[in-house]
1. Report the antiparallel proportion of the DSSP beta bridges in the chain as a percent, rounded to a multiple of 5.
2. Would you tally the net charge around Val120, using a Cβ to Cβ cut-off of less than 9 Å, leaving Val120 out, and scoring K and R as +1, D and E as -1?
3. Rounded to the nearest 500, what is the 222 nm mean residue ellipticity of the chain from helices alone, with -39500 (n - 2.57) per DSSP H run of 4+ residues and division by all residues?
4. Could you please rank Arg234, Arg217, placing first whichever residue has the fewest other Cβ atoms within 10 Å of its Cβ?
5. Compute and list, largest first, the equivalent-ellipsoid semi-axes of the chain from the alpha carbon gyration tensor, each √(5λ) rounded to a whole angstrom.
6. Take peptides 36-45, 63-72, 280-289 and line them up by average Cβ neighbours within 10 Å, highest first, as a rough protection proxy.
7. Nearest 10 degrees is fine. How inclined is helix 266-282 to the longest principal axis of the chain, computing both from alpha carbons?
8. Amide H neighbours of Val190 under 5 Å, at least 5 residues apart or on other chains, H built in the peptide plane: list them.
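Please treat every number below as a calculation from the coordinates, not as lab data. Note that the coordinates shown come from a computational prediction; the quantities given were computed from them, not determined experimentally. All Cβ positions, glycine included, derive from the backbone under ideal geometry; neighbour counts span all protein chains shown.
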Amino acid sequence: MFNIVQHRRWYYLFSAIVILPGLITMIYSVFTIGTPFRLSIDFTGGSLWELQFNKVVAPADMIRIFNENGIEDVNVNTIGNDRTLLIRSEEIMPEKKAQLITAITGAFGGAPEELQFRSVGPTVGHEVTRTALMAVVMASLAILGFITWAFRNVSHPVRFGIAAIVAMLHDVLVTMGVFSIMGFISGWEVDALFLSAVLTVIGFSVQDTIVVFDRIRENSRRRRGEDFETIANRSLLETMHRSMATQINAMFVMIALLLFGGITIHQFIATMFIGMLSGTYSSIFTATPLLVSWEKGELNLLGRLRGDKRRAAVA
């Protein structure tokens with residue numbers, strides 16, 4: 001029988017190598033722009049305006065029009081083609097919006113087509129941030145409580161819950177780290193869809209982990225003569241095909257959406273794809289190996305150090 005969990009230290013090292021660049025980028029981002037990510041108006045407050053013209057319009061010309069109409073804090077980018085502009089600015093009130101449309105129409109010889117317009121006040125943005133943090137914390141506590149209760153008949157049920165939380169945090173850190181890196185490379189911004197994607201990743205990650213843990217619980221009753229590492233490894237091999245098939249099918253759909261879907265959902269789908277890829281890895285190579293390490297006492301660093309000191313003193 002192929003032994004997956006015996007190489008667990010290499011899996012931990014690989015996870016650290018993947019997570020570390022994202023953590024460094026988030027820390028650097030905190031010192032440079034004040035937040036781990038570039039935040040959209042959903043969190044900071046402001047207005048998002050997407051306009052399509054019948055000719056090429058330079059972002060600098062649009063910024064000049066906004067400045068002339070009393071709006072200094074504005075960022076304009078082209079998307080898709082040079083005729084579509086995405087404008088981010090301070091909150092635009094209805095009367096100011098009408099004034100801007102008049103100025104834009106006069107400057108470019110025709111009214112543009114409005115593809116989308118969103119305006120969020122700073123109070124709403126702060127509330128969304130607070131709710132996002134609470135959602136992640138509450139989800140973690142709920143998962144820990146449910147798994148501990150569901151595995152109450154096995155030895156050390158809390159370990160199963162904590163291992164699932166660690167695997168979930170692994171996936172969240174990978175997703176957030178990649179998103180932070182892409183914020184510097186491609187200007188990705190965290191919005192409400194990002195929160196939805198992260199919560200979806202949490203759900204998929206925990207679901208996949210519970211499938212493996214449930215098989216460990218079943219095999220622990222059936223094979224009482226085997227040690228825990230063998231039972232955990234057997235359970236991984238028995239459930240791996242199911243986990244891989246489920247996740248790969250979902251990833252195929254996401255790849256299709258990335259290739260053929262609208263540009264407005266690319267970041268959302270990419271975030272979910274990264275999270276699911278990490279979730280497939282963590283359910284196999286993080287959660288279960290962590291249980292084995294805990295069972296074998298490999299995580300009790302303080303206890304091992306004390307034991308080494310005692311043995312040294314006796315010697």
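1. Taking every DSSP beta bridge with both residues in the chain, the antiparallel ones total about 95 percent.
2. -1
3. -23500 deg cm²/dmol
4. In order of increasing Cβ crowding within 10 Å: Arg217, Arg234.
5. 50, 21, 16
6. Most protected by this proxy first, the peptides run 280-289, 36-45, 63-72.
7. 10 degrees
8. Here the answer is Arg38, Leu39, Ser40, since their amide H atoms fall under 5 Å of that of Val190.
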